[in-house]
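Take a look at the structure below.
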Amino acid sequence: LRVRKYGSLLIIESGPQDDPVNHARIRRVSVNYWTLEMATHMGRWEPTGMRDVLDELKTALVRDFGWTLTPIA
């Protein structure tokens, strides 16, 4: 797994650099707050409804969605 910064997004992905598999992304919505979105099997992003400071969202990602972080490729 690796994290790629794209604008106000932190994208968690795996696989080859030229054809990555998306797992999750964290979107900055204000100075201190971020939202968590998960990738679907169709490659779309679904919001989780979680909004918090970055450290809390990282903890929630591992705690509540850890199974989605398994490398696919």
Taking the dipole of the stretch 1-64 about the Cα centre (Lys, Arg +1; Asp, Glu -1; charges at Cβ), the one of LEU61, GLY7, THR40 that reaches farthest to the positive side is GLY7
Measuring from the longest principal axis of the C-alpha atoms of the chain, the long axis of helix 54-65 (C-alpha) lies at a number of degrees, nearest 10, equal to 50 degrees
Cα pairs beyond 20 Å in the chain, in percent, come to 23 percent
Listed residues ARG51, ARG27, ARG63; largest mean-square fluctuation, Gaussian network over the chain with Cα springs below 10 Å, found at ARG63
With every protein chain kept in place and a 1.4 Å probe, the stretch 1-68 has an accessible area per residue in Å² of 67 Å²
Quick calc: nm separation of the 7 Å Cα→Cβ label points for VAL62 and SER8 -> 2.7 nm
Per DSSP, the loop-located chymotrypsin sites (Phe, Trp or Tyr not before Pro) within the stretch 17-73 having at most 15 other beta carbons within 10 Å are TYR33
Computed about the Cα centre, the charge dipole of the chain from +1 Lys/Arg and -1 Asp/Glu charges at the Cβ has a magnitude in debye, to the nearest 20, of 180 debye
Quick calc: nm separation of the 7 Å Cα→Cβ label points for ARG44 and LEU69 -> 2.6 nm
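The values are calculated or read from the model by the stated rules, or taken from the named source; none is laboratory data. Just so we're clear, the structure is a prediction, and the values are computed from it rather than from any experiment. Don't worry about glycine lacking a Cβ; one is built from the backbone with ideal geometry, like all the others, and counts go over all protein chains shown. The accessibility values were calculated without ligands, DNA or RNA, using every heavy atom of the protein model including side chains. Shrake-Rupley method; radii C 1.70, N 1.55, O 1.52, S 1.80 Å.
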